[in-house]
Amino acid sequence: MQIATLLRYYPPAWRARYEDEVTDVLEQHRVSYATWFDLVRGAFDAHLDPRFSGAVGAAGRRLRRAEIAIFCAFIAFVVAGIGFQKLTEDADKAGLMQAHAAIGIGYYAVIVGAVVALLAVVAGGLPIAAIIARQALAASRRDLLAMLVVPPLLFVALVAWGAVDLRSSSTIDSASIRGLIGFFVLAAIASAAAVSLAVARTDLNDVVLGLARWASIIATAAMGLSLAGVVVWGVGLHSAAPSSFALDGGVLTSYAYVTFLRVVIVMALAVVASLVALWRAPGRDVFMAG
């Protein structure tokens, strides 16, 4: 790839101001691998800088609201996924997922969808998190910094709680499990609220939001795949071992069919919320102009 080709990946505002100057400088020096690395890193920095990538406009504000809604829907989806994982333990121990194709296919569809959705959310969220951290440090915004540390602090607290329970006893009783699940749900809600407020209070640019839009589309499709997998898994389990849905054992002592319905309903609501947010968000052409 030629230097001129690489410079085309910089924002138009940056190219109008610096492209000729940078090209002249590079023509007078030997271009090394370190030079290529600096240019690639500089392109990322330029796209994250509102001075060059363009401050967010009205369409960007609408998309930002959509991204917040989709992120909250994903958090609800993750909470429901914890319930599904607990639901599959007995079926896994009984070997039903290996013995019946529909159950196994449904289960692995859930896993694939969950992993893809997580990767998409991370890919779309990291540039936004970088901008939030940069603006928070540059402007000494303690409110933004506090919001950023809420999710990791709550995660550490959750892991510490579980570790203490396991260390104090070889098995965790029902009360401890319910406490952990309750804390996890509250931590998920608090984390989603903190991240949403941080995004709402940060000056983002259209380029980053446009990239986040594509990540949201992938995440929503992946959540839909997981939802379909849960339904296929449940139908297959009911067909192969209908008595499994009548069980009320386990540390949570809840009927399997009740847990299954809760998981399906929450996941379906999360997918619908994401689809509505995407439908109301600005189209791709808004963010590809210029």
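The values are calculated or read from the model by the stated rules, or taken from the named source; none is laboratory data. Since the structure is predicted, the reported quantities are computational estimates derived from the model, not experimental observations. Glycine also receives a Cβ, built like all others from the backbone with ideal geometry; neighbour counts cover every protein chain displayed. Keep in mind that these areas ignore ligands, DNA and RNA; they rest on the heavy atoms of the full protein, side chains included. Shrake-Rupley method; radii C 1.70, N 1.55, O 1.52, S 1.80 Å.
Key figures
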{"read-out": "3J(HN,Hα) from dihedral phi, the range 64-71, Karplus parametrisation 6.51/-1.76/1.60, rounded to Hz, x for glycine, proline", "value": "4, 4, 5, 5, 5, 5, 5, 4"}
{"read-out": "Solvent-accessible surface (1.4 angstrom probe) belonging to R62, in square angstrom, nearest 10", "value": "110 Å²"}
{"read-out": "Nearest-10 value in Å² for the accessible area of E27, using the 1.4 Å probe", "value": "140 Å²"}
{"read-out": "Label-point gap, in nm, between W36 and W214 - each point 7 angstrom along Cα→Cβ", "value": "2.1 nm"}
{"read-out": "Ranked order, I75, I111 - accessible area, probe 1.4 Å, largest first", "value": "I111, I75"}
{"read-out": "Label point distance in nm, L158-V115, each placed 7 Å from Cα along Cα→Cβ", "value": "2.0 nm"}
